[in-house]
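This report refers to the structure that appears directly beneath it.
The values are calculated or read from the model by the stated rules, or taken from the named source; none is laboratory data. Fair warning: this is a prediction, and the values are worked out from it, not measured in the lab. Neighbour counts run over all protein chains shown; Cβ positions are idealised from the backbone, glycine included. Just so you know, the surface numbers come from the protein's heavy atoms only, side chains and all, with ligands and any DNA or RNA stripped out. Shrake-Rupley method; radii C 1.70, N 1.55, O 1.52, S 1.80 Å.
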Amino acid sequence: MASRVLLILCLSSLFFFLAASTKEYPGQAKIFDVRNYGAHGDGRRDNAFAFTKAWNEACQWSNGRSTVYIPPGIFYLRQVTFTGPCKNPITFIIRGTLLAPRNPYAIKQDEWILFKYVDNLTVTGGGLLDGQGSYSWPLNDCNKNTNCRTLAMNIGFAFVKSSRINGLRSINSKMGHFNLFSVEDFNITGVTITAPGDSPNTDGIKIGKSSHMHIFNVTIGTGDDCIAILDGTSNLDISDVRYI
Ligand SMILES: *[C@@H]1O[C@H](CO)[C@@H](O)[C@H](O)[C@H]1NC(C)=O
Ligand SMILES: *[C@@H]1O[C@H](CO)[C@@H](O)[C@H](O)[C@H]1NC(C)=O
Ligand SMILES: *[C@@H]1O[C@H](CO)[C@@H](O)[C@H](O)[C@H]1NC(C)=O
């Protein structure tokens with residue numbers, strides 16, 4: 001009798017041991033730390049290649065949820081596009097600072113950081129996007145030149161569904177900060193967006209052709225619109241916006 005009880009105990013602790021020693025099991029997100037893909041938080045070397053590699057592996061991970069993790073540190077990034085569709089829900093955690101190039105013409109796309117064609121994306125972590133816009137604001141002549149060259153916005157989401165940004169800071173974009181285009185069922189919460197009051201065209205959140213969005217508990221103070229709503233947008237719920 002006693003030995004049978006002991007045997008059961010042993011078996012159950014064996015199962016426990018096996019479960020604990022298995023790195024990936026269903027329900028648990030697999031973490032893709034950008035450092036394992038060659039990222040350097042030294043504020044100097046470009047991390048676009050490392051971030052894209054980590055994203056691509058996380059996005060194609062087929063055994064469950066995946067998480068891309070950017071640790072504390074200053075990660076210089078010239079420009080990057082994270083493209084889906086992904087196999088599963090994906091979380092993008094930014095703990096550190098992402099630093100844009102000072103030269104605005106180094107960025108050859110409309111947003112410095114762009115997510116497109118992704119569903120079930122969560123961007124979080126409380127990290128900082130630093131657009132280093134002070135170097136390009138003097139070049140902005142859009143108030144007198146209708147053909148002015150547009151500069152990159154800090155971060156964009158295009159054709160993204162059932163997703164959320166929760167906890168992120170964005171400062172000193174070259175032009176606007178957040179650009180949402182053709183997103184659906186998308187929430188923005190716990191976000192802080194700032195740029196000096198006299199910085200040109202530094203809109204906070206720009207929304208076009210999007211639907212079913214909730215924006216709440218956000219803090220915005222920029223040189224232009226806090227939230228700009230463009231055509232084709234419906235079912236937008238905005239509350240608890242603090243202006244600083
Ligand atoms: C996203 O979530 C929805 C609803 O839970 C699910 O039907 C869909 O398959 C998910 N897509 C991805 C890519 O995870
Ligand atoms: C957005 O927020 C609303 C209200 O809290 C919630 O019902 C909905 O599930 C959220 N959607 C996403 C995609 O997080
Ligand atoms: C609102 O957002 C801030 C971050 O800006 C966060 O610290 C706080 O917990 C949030 N409050 C609620 C009620 O979610």
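One table, with the values for the structure above:
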| item | result |
| --- | --- |
| Segment 62-86 and segment 150-198: distance between their alpha carbon centers, rounded to Å | 16 Å |
| Candidate lysines - alpha carbon under 26 Å from Lys108, same-chain residues fewer than 8 apart omitted | Lys53, Lys116, Lys144, Lys161, Lys174, Lys206, Lys209 |
| Using alpha-carbon coordinates, inclination of helix 48-60 to the longest axis of the chain, degrees | 50 degrees |
| With Cα atoms, 0 to 90° folded angle of helix 2-21 axis to the chain main axis | 20 degrees |
| Kirkwood Rh, angstrom, segment 32-243 [1 / mean 1/r, Cα pairs] | 17.1 Å |
| Accessible carbon and sulfur surface of the chain relative to its total accessible area, %, 1.4 Å | 54 percent |
| Cα-projected label distance for Asp42 with Lys108, points at 7 Å along beta-carbon direction, nm | 2.5 nm |
| Helix-only mean residue ellipticity at 222 nm for the chain, each DSSP H run of n ≥ 4 adding -39500 (n - 2.57), per residue, nearest 500 | -4500 deg cm²/dmol |
| Ordering of 138-150, 216-228 by burial proxy (mean other Cβ atoms within 10 Å per residue, highest first) | 216-228, 138-150 |
| Residue list for segment 114-137, given a label point 7 angstrom along the Cα-to-Cβ vector of Glu57 and an amide N cut-off under 20 Å | 122 |
| Cβ crowding within 10 Å averaged over residues, with 88-96, 229-237 ranked highest first | 88-96, 229-237 |
| Computed label-point distance, nm, for sites Thr83 and Ser162 using a 7 Å Cα→Cβ extension | 2.3 nm |
| Rounded to 5, the percent of DSSP beta bridges in the chain classed as antiparallel | 0 percent |
| Summed residue charge, Cβ within 10 Å of His212's Cβ, Lys/Arg positive, Asp/Glu negative | -2 |
